[in-house]
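Notes follow once the structure below has been shown.
Laboratory data are not the source of any read-out in this text; all were calculated from the coordinates shown. The model shown is predicted, which means the values in this text are computed figures rather than measured ones. Here the Cβ is made from the backbone with ideal geometry for all residues, glycine too, and neighbour counts use every protein chain on show.
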């Protein structure tokens, strides 16, 4: 009984260990994540915020094969904090129980998640912490899909090398950043000579690296632009207002249904990327984009001050 009482008040991570089955799952945890939020059924809790503490443990399917230090192969911690933020933003709630249920349900939409422990505590309602804790498990294997209404639809902007060097670059970025739409820049290879290997696979990698070198050159031109190479970081950046420059090697080489275009055809590669990201629009600055592409397009002259 003493051990049961101790576990009742222990961190969810200890409870997950104590209640694991014969084939233990991997676990990720979020500890003492505190958010100021308006919540509660009492009149005194309306119109004011209070500190609420979240402790979450997610049991996930063990990764098969080599992880290879690849963030796209794991359940990101951001998914846990995003689940909390999404449910807090959805509507004002009276009960912690409702909030815990919704957070657990959202986390279990992730394909790796098998069981989740959610503890939520109000820190300002008394001398101690008042809260609830639930555990929920995946009962059926759900499709690996995120709700469509949450998926960001970015604006993909292709910059020629002349556009990158233009005095108008900062003004263009100012205009694009002012709109409430996720922004991802794509570039082509740099103007320097690229080694020719005579071998298709190695040449593809070298051509992709030439694009990535140019992506870093763009980042050096404007500190708001951050070079990103994984889908996980792209998703985080789009949801958090970060301007990205796409470094294509990883996503292109890892794609099951990769682009059937030469990596030297940077516009076609960017068009494939825009389709994969379900972009709202693709803009070409200094480049006339084909009108029959996978997403709506617009072409902007190097002489235009306005996008």
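Structure notes:
- Estimated FRET transfer efficiency when R0 is 25 angstrom, pair residue 167-residue 194 (beta carbons, to 0.05): 0.40
- A Förster radius of 30 Å, combined with the Cβ-Cβ distance separating residue 240 from residue 64, puts the computed FRET efficiency at roughly 0.45.
- Label zone at residue 201 (point 7 Å along Cα-to-Cβ), backbone N below 13 Å, segment 252-287: none
- Euclidean distance between Cα centres, segment 260-307 to segment 53-111, Å: 34
- Value of relative contact order over segment 151-300, rounded to a whole percent, pairs C-alpha under 8 Å and six or more apart: 30
- Ranking of 115, 51 by neighbouring Cβ atoms within 10 Å, starting from the fewest: 51, 115.
- Fewest-first ranking of 76, 29, 288, using other Cβ atoms within 10 Å as the exposure measure: 288, 29, 76
- The DSSP beta bridges internal to the chain are antiparallel in roughly 55% of cases.
- By the count of neighbouring beta-carbon atoms within 10 Å, fewest first, 199, 33 end up ordered 199, 33.
- Between 0 and 90 degrees, the angle of helix 266-276 with respect to the longest Cα principal axis of the chain falls at about 30 degrees.
- Dividing the helix sum by the residues of the chain, where each DSSP H run of 4 or more adds -39500 (n - 2.57), gives a mean residue ellipticity at 222 nm of -10000 deg cm²/dmol.
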